[in-house]
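One structure below.
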2 protein chains.
Amino acid sequence: MAKIPYKIYLSEEEMPKYWYNMKAVMKELPAPFLNPATYKPCTAEELNQVFCSELVEQELNSSDRYIEIPEEIRNFYKMFRPSPLVRAYCLEKMLDTPAEIYYKFEGTNTSGSHKLNSAAAQVYYAKKQGLTNLTTETGAGQWGTALAMACAYYQIALTVYMVKVSAEQKPYRKAVIETYGGRVIPSPSDTTEIGRKILRENPNTGGSLGCAISEAIEVAMKTENSRYVLGSVLDHVLLHQSIIGQETKTACEKYEIQPDMIIGCAGGGSNFGGLIAPFMADKIEGKNKIEIIAVEPASCPSLTRGKFAYDFGDTGKTTPLMKMYTLGSGFIPSPNHAGGLRYHGMSPIISKLYQDGYLEARAVEQTKVFEAAIAFARCEGTLPAPESAHALKVAMDEAIKCKETGEKKTILFGLTGTGYFDLSAYMSYNNGSMTDYIPTDEDLEKGFATLPQVK
Amino acid sequence: MAKIPYKIYLSEEEMPKYWYNMKAVMKELPAPFLNPATYKPCTAEELNQVFCSELVEQELNSSDRYIEIPEEIRNFYKMFRPSPLVRAYCLEKMLDTPAEIYYKFEGTNTSGSHKLNSAAAQVYYAKKQGLTNLTTETGAGQWGTALAMACAYYQIALTVYMVKVSAEQKPYRKAVIETYGGRVIPSPSDTTEIGRKILRENPNTGGSLGCAISEAIEVAMKTENSRYVLGSVLDHVLLHQSIIGQETKTACEKYEIQPDMIIGCAGGGSNFGGLIAPFMADKIEGKNKIEIIAVEPASCPSLTRGKFAYDFGDTGKTTPLMKMYTLGSGFIPSPNHAGGLRYHGMSPIISKLYQDGYLEARAVEQTKVFEAAIAFARCEGTLPAPESAHALKVAMDEAIKCKETGEKKTILFGLTGTGYFDLSAYMSYNNGSMTDYIPTDEDLEKGFATLPQVK
């Protein structure tokens with residue numbers, strides 16, 4: 001075998017033509033969505049009112065292992081994919097470890113993250129269905145940016161409800177979305193009933209993701225030829241993100257790389273689910289024994305300290321109920337938390353796989369995460385997104401363990417994006433003002449108290 | 001020939017092992033640097049006091065066509081190179097042009113531009129010489145970031161004098177440099193004699209690049225084991241940037257792409273000089289007839305309206321005199337100018353080639369540049385740096401001309417970087433507040449009046 005290059009790029013011909021649907025392989029499926037009014041499983045018709053039809057079909061598809069990626073989407077992917085699988089030679093050297101470290105780097109497109117993989121697909125299907133408008137919410141702005149890029153490419157109108165405090169604190173994220181032609185409305189706004197209601201009750205609120213979701217859904221349902229799109233959590237989003245794992249597996253096979261361990265950060269779970277998809281499927285089928293680790297912030301520990309229960313997807317309690325690991329839709333992470341991955345729940349697929357023992361979860365504190373991120377940036381060059389640095393931190397921990405034990409493990413992690421728009425968080429780490437926060441059991445009980453009582 | 005992929009990545013084995021020294025091929029060489037006190041050519045000894053010895057040697061080398069890239073630098077390059085040569089299929093489609101359009105994209109590293117190509121080399125030579133400190137100045141911050149990344153990699157201390165108003169307006173650029181371990185001092189500062197003098201005379205000044213250069217040089221000369229490094233203009237910087245052209249030429253040969261036209265933006269001239277190097281050398285030797293076009297802002301038109309004369313490199317008048325196209329070191333572009341490329345002069349090599357008729361120059365207005373940048377972003381995905389969009393604008397103009405004439409030209413341009421840190425400029429375009437500025441002849445005369453009277 002030739003020396004592994006620093007960066008493995010697949011050729012266009014080697015790019016995967018299929019997404020990988022883990023559900024087709026899972027021994028038990030995630031529980032169905034429930035209608036919160038009736039507690040009955042949601043029908044496709046109900047979901048079709050909010051989401052594009054083809055996405056609903058993908059959401060409910062648990063039989064087809066491979067779903068063909070339409071040529072039009074593959075052409076869009078070619079503009080920013082394949083993403084490189086990088087051998088972290090410099091990190092290995094810095095850590096003086098016998099381990100081999102690889103990372104799949106999703107940050108080379110302008111949205112700065114993996115989010116574009118699903119945006120490219122979702123907007124394609126919306127266009128195909130003849131829709132003319134899409135709505136969504138965005139907090140940090142990565143999803144809003146990715147969606148604006150895809151909407152510009154397919155020429156379809158986009159309205160982004162952006163958490164007001166985030167729109168004010170991150171004017172550049174707002175500017176990127178607008179540059180790609182998206183309309184950004186700070187939320188809560190007077191453009192929706194729910195927004196006006198919230199503003200009447202609390203005129204000075206900075207908004208919340210829950211409220212932004214509710215506004216986006218309201219507008220989608222009231223506007224002709226319009227639908228709502230979501231950037232994580234749902235099964236079809238994980239499906240689109242499986243392009244990450246599919247490319248990674250192809251590259252590993254080409255260069256005879258056999259990971260002992262795959263590590264990803266998990267907020268809503270879409271990048272993690274996408275990265276592990278084909279590897280997890282093989283694991284379920286007994287073809288490998290790869291250790292698979294989801295990393296979350298200690299301040300928002302849905303897998304490691306949450307409950308496996310039906311819950312709402314949003315704090316506004318407007319979505320269907322999903323069975324997942326959750327801290328309760330009323331859980332609010334510490335305002336000091338700067339590392340992203342703030343979602344109260346977790347993808348139902350990932351939750352089910354975790355429940356069934358197919359993966360581990362670890363929680364890490366943010367100052368350790370930023371410490372790892374900066375060490376990585378200085379030796380490997382790339383400034384990671386704080387989210388991505390959660391996976392990096394555990395990969396480094398494991399590589400250091402290998403040094404202690406002398407084991408020559410192959411560690412692969414997902415570097416989901418870049419930190420160019422997260423520099424205020426780096427600044428607070430650099431100037432020593434960043435703190436850690438681990439919720440007490442009492443804090444968590446407050447969140448659990450907001451869980452719905454499903455009969 | 002197979003279909004050209006969207007992105008051409010060379011393999012590690014195909015990466016160039018040599019920089020291309022255009023001076024070895026030029027029929028006439030650029031005039032030597034002059035000592036401003038004596039008007040005599042600068043000696044290597046004089047230059048060695050300010051710059052690293054090996055860089056001085058490269059600066060003065062006009063005999064070796066190929067300069068080997070040391071293995072250590074090639075290993076650093078492997079972390080962020082090869083950069084892709086992209087076929088702009090979507091742009092071609094949008095413009096409905098028979099032309100084929102390609103761009104060499106240098107924005108995939110954290111510094112966001114080509115600057116890292118020279119930083120990687122300069123810091124390596126500094127380390128090899130046993131230096132422990134480097135100083136530089138930065139305005140917009142791309143060079144400071146690239147240098148901080150290289151200094152982190154080679155573990156050498158860095159002090160960056162950052163124009164005070166820029167440090168205040170671009171706190172995130174400052175934060176990136178600090179995250180990589182660089183020390184950022186807003187200039188003018190009380191850390192140097194020249195800084196203290198300026199502050200005494202004008203306590204509220206926002207600083208200037210000229211002042212920051214003077215402070216950086218003063219500290220380098222007074223500190224043991226320290227040197228000053230510069231990110232553009234000089235011959236050795238163009239040499240390092242020839243990696244861009246070398247990769248481009250290799251990729252073109254591999255896929256039988258024969259550019260009719262190569263277009264680059266030109267501020268100090270280093271990316272432009274690097275992109276064209278091997279193509280220009282062939283042109284000088286009669287092996288091709290490629291049209292080579294440098295694009296500059298209409299508001300800072302050094303090639304199109306400047307004088308070919310000896311001038312200082314900085315507004316503080318501390319550098320050796322260089323024979324170049326210049327607007328005079330006292331020329332100040334309009335404060336409304338948001339598109340970068342604000343340098344008053346131009347690389348002596350590029351100036352000489354222009355003087356000798358080997359290349360064209362065009363000046364473009366910034367609102368047209370941003371209009372092109374946004375059209376490009378929306379169809380090709382990548383948000384360009386405003387600097388890079390100058391080249392893009394002319395490439396688009398030429399592709400539109402091809403549509404009119406029916407010519408099937410092959411147009412290649414340099415997309416030097418991304419606009420993630422330039423969003424305030426995009427915002428001013430988006431909200432309609434951006435204006436154009438073309439200096440009057442009287443404006444230019446004021447700059448020319450600051451040219452030194454070389455006997």
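Read-outs: derived from the displayed coordinates by stated rules, not from any lab. Quick caveat: nothing in here was measured; it's all calculated off a predicted structure. Here the Cβ is made from the backbone with ideal geometry for all residues, glycine too, and neighbour counts use every protein chain on show.
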Fill in: Position A:GLU72, label points 7 Å along Cα→Cβ, spacing to each other copy in nm (shortest first, one decimal)
5.3
Item to complete: Run the numbers on chain A and let me know its relative contact order in percent, using alpha-carbon pairs under 8 Å that are six or more apart.
Response: 19 percent
Worksheet item: For B:GLU371 and B:ASP436 in the same chain, what is the full-extension length gain: residue separation times 0.36 nm, less their Cα-Cα distance, in nm?
Response: 22.2 nm
Worksheet item: Within a Cβ distance under 13 Å of B:HIS114, other residues only, what is the Lys/Arg minus Asp/Glu net charge?
Response: 0
Worksheet item: Using 1/(1 + (r/R0)^6) with R0 = 22 angstrom and r between the beta carbons of B:GLN169 and A:GLU168, what's the FRET efficiency to the nearest 0.05?
Response: 0.80
Practice prompt. Net charge near A:ILE217: determine it from the other residues with C-beta under 14 Å of the C-beta of A:ILE217, scoring Lys and Arg +1 and Asp and Glu -1.
Written response: -3
Item to complete: One decimal, nm, shortest first: give the distances between the label point of A:ASP356 and those of the same position in the other copies, each label point 7 Å from Cα along Cα→Cβ.
Response: 7.1
Worksheet item: Rounded to the nearest 20 Debye, what is the dipole magnitude of the range B:1-119 about its Cα centre when Lys and Arg each give +1 and Asp and Glu each give -1 at the C-beta?
Response: 480 debye
Practice prompt. List A:HIS114, A:HIS240 from most exposed to least, where exposure is judged by having the fewest other Cβ atoms within 10 Å.
Written response: A:HIS240, A:HIS114
Worksheet, complete the sentence: Helix A:142-154 sits off the longest principal axis of the Cα atoms of chain A, rounded to the nearest 10 on a 0 to 90 degree scale, by 80 degrees
Discussion item. Only sites in a loop by DSSP and with at most 15 other Cβ atoms within 10 Å count here; which trypsin sites (Lys or Arg not before Pro) in the range A:9-39 make the cut?
Written reply: A:LYS17, A:LYS27
Response to the item:
The FRET efficiency for A:LYS446 and A:GLU407, from their Cβ-Cβ distance with R0 = 56 Å and rounded to 0.05, is 0.85
Worksheet item: Gap in Å between the Cα centre of the range A:213-280 and the Cα centre of the range B:137-184?
Response: 35 Å
Worksheet, complete the sentence: Between A:VAL184 and residues 5 or more places away or on another chain, the pairs with built amide H atoms under 5 Å apart involve A:VAL160
Worksheet item: Taking θ as phi - 60°, what are the ³J(HN,Hα) couplings along the range B:443-453 by the Karplus curve (6.51, -1.76, 1.60), each to the nearest whole Hz, with x for Gly and Pro?
Response: 4, 5, 4, 4, x, 4, 5, 8, 5, x, 8
Worksheet entry | Net charge over other residues, Cβ less than 15 angstrom from the Cβ of A:MET434 (K, R count +1; D, E count -1) | -3
Discussion item. Run through the range B:192-298 and list the GluC sites (Glu not before Pro) located in a DSSP loop whose Cβ has at most 11 other Cβ atoms within 10 Å.
Written reply: B:GLU224, B:GLU256, B:GLU285
Fill in: B:ARG362 long-range amide H proximity, modeled H, under 5 Å
B:ALA294, B:VAL295, B:GLU296
Worksheet entry | Value of [θ]222 nm, deg cm²/dmol, for chain B, DSSP H segments ≥ 4, -39500 (n - 2.57) each, nearest 500 | -12500 deg cm²/dmol
Fill in: Pseudo-label separations to other copies for B:LYS3 - Cα-to-Cβ vector, 7 Å, nm
3.5
Fill in: Degrees separating the helix B:209-222 axis from the principal Cα axis of chain B, which is the longest one
60 degrees
Discussion item. What's the magnitude of the charge dipole for chain B around its Cα centre, counting Lys and Arg as +1 and Asp and Glu as -1 at the beta-carbon? Answer in Debye, nearest 20.
Written reply: 280 debye
Item to complete: Express in nm, to one decimal, how much length is gained between A:ASN336 and A:LYS455 on full extension, taking 0.36 nm for each residue of separation and deducting their alpha carbon distance.
Response: 39.2 nm
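Over chain A, what is the percentage of antiparallel beta bridges among all DSSP beta bridges, to the nearest 5?
In chain A, DSSP labels about 35 percent of beta bridges as antiparallel.
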Worksheet item: For the range B:280-285, what does the Karplus curve 6.51 cos²θ - 1.76 cosθ + 1.60, with θ = phi - 60°, yield as ³J(HN,Hα) per residue in whole Hz, taken in order and with x for Gly and Pro?
Response: 5, 4, 4, 5, 4, 8
Discussion item. Could you work out how much longer the chain between A:LYS289 and A:GLN155 gets when fully extended? Use 0.36 nm per residue separation minus the Cα distance between them, nm to one decimal.
Written reply: 43.8 nm
Response to the item:
trypsin sites (Lys or Arg not before Pro) in the range A:383-446 lying in a DSSP loop, each with at most 16 other Cβ atoms within 10 Å of its Cβ, come to A:LYS408
Practice prompt. Work out the FRET efficiency for A:THR38 and B:GLU71 from their Cβ-Cβ distance, taking R0 = 56 Å, and round it to the nearest 0.05.
Written response: 0.25
Discussion item. As a footprinting exposure proxy, order B:THR315, B:THR405, B:THR416, A:THR223 by other Cβ within 10 Å, with the fewest listed first.
Written reply: B:THR405, A:THR223, B:THR315, B:THR416
Worksheet, complete the sentence: Whole-Hz Karplus couplings 3J(HN,Hα) for the range B:35-49, θ = phi - 60° and coefficients 6.51, -1.76, 1.60, Gly and Pro as x, run 6, x, 7, 10, 6, 9, x, 5, 8, 4, 4, 4, 5, 4, 5
Item to complete: On a C-alpha basis, how far is the centre of the range A:301-319 from the centre of the range B:1-47 in Å? Whole number, if you could?
Response: 59 Å
Response to the item:
If one compares the long axis through the Cα atoms of helix B:386-405 with the longest principal axis of the Cα atoms of chain B, the angle in degrees, nearest 10, works out at 30 degrees
